[in-house]
């Protein structure tokens, strides 16, 4: 985090605005393209200076992606390499911002969380309004009926799991900068109930409990217990209850997930498999690097080159777990926990 004297420059405020608004509208898809995530915040990346090391790492990943395309005729390798390049450049850029810029981004995120809560509540009361959302944020209009069957909303995104990941990332970013804000936490929790995303709830559980341990706010464990009980026994999270019941009867967390109409855990498993083999498309950043570089060994080398490994640091281990298992890749706030370690390993102070 750099000195705030630089924030007197208006261009720094502009790039923070681009980051905040561009991240909030990451699912905006007015042309209904098959691509569902648009990193509008990347428009601000040319406004930053980058170290030679990060440029070299990005170049190597892109080179491997291109080589895979040429040898194996696999365009997915190039797509994954580009996404990882954008993510790494973004994490580097955000870490070099001053505190005023970061708080401006956080303020935009908080405003978005409030506005998005209103939209989710409106969709819950008037489910047919989700068709309007899909006209601008997805090409999956056919999934509206499936959402109606389980009384879920989609918010401003292509699917509940994507939106839940974005909200959890924004919450993580906000708490790291401003500490616990009961209002913001409550608004995110309500939206997770309305979205009914199992993976979103799991991600929130990981992030929220991490902050309880980090800040020693053990009284918030009561809130976590209350949230869990509500989610299990209220109609708002009936899908999660069905999922847990199906895990018990089917004996498989993945088969149980399919029975609820989701494939997010399968994507997490795919990321895990990419650590030891080479299937799938790479849903998480680590999975994408493994795919683009044709193997997890190369991906692990990149991890060692990017981060200052600290297994005794809870913040690093939680951030690394999210980096390995969770996506979509371009939702950068989810990986914000890693930025201090990321910067220390690639930038000389």
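Among 211, 64, the ranking by other beta carbons within 10 Å of each residue's beta carbon, starting with the fewest, stands as 211, 64.
Inter-label distance, residue 114 to residue 132: 2.1 nm, where each label sits 7 Å from its Cα along the C-beta direction. A full extension of the chain between residue 300 and residue 67 corresponds to an added length of 82.0 nm, given 0.36 nm per residue minus the alpha carbon distance.
Each listed q (0.09, 0.16 Å⁻¹) maps to a log10 I(q)/I(0) for the stretch 1-128 from the Debye sum over equal C-alpha point scatterers, namely -0.36, -0.93.
Of the Cα atoms belonging to the stretch 34-86, the radius of gyration and Dmax stand at 12.7, 35 Å.
Stretching residue 53 away from residue 250 to a fully extended chain increases their span by 66.1 nm, per 0.36 nm per residue minus the current alpha-carbon distance. The fewest-to-most ranking of 90, 339, 249, 96 by surrounding Cβ atoms within 10 Å reads 249, 96, 339, 90. Among 106, 34, sorting on how many other beta-carbon atoms sit within 10 Å of each Cβ, with the fewest leading, yields 34, 106. Peptides 197-206, 215-224, 325-334 ranked from most to least packed, by the mean per-residue count of other Cβ atoms within 10 Å: 325-334, 197-206, 215-224. As a rough guide to protection, the peptides 284-292, 66-74 ranked by mean Cβ packing within 10 Å, highest first, stand as 284-292, 66-74.
No value in this document is a laboratory result; all are computed from the given coordinates. Every value quoted in this text rests on a predicted model; they were computed, and no experiment measured them. So basically every Cβ, Gly included, is an ideal-geometry build from the backbone, and we count neighbours across all protein chains shown.
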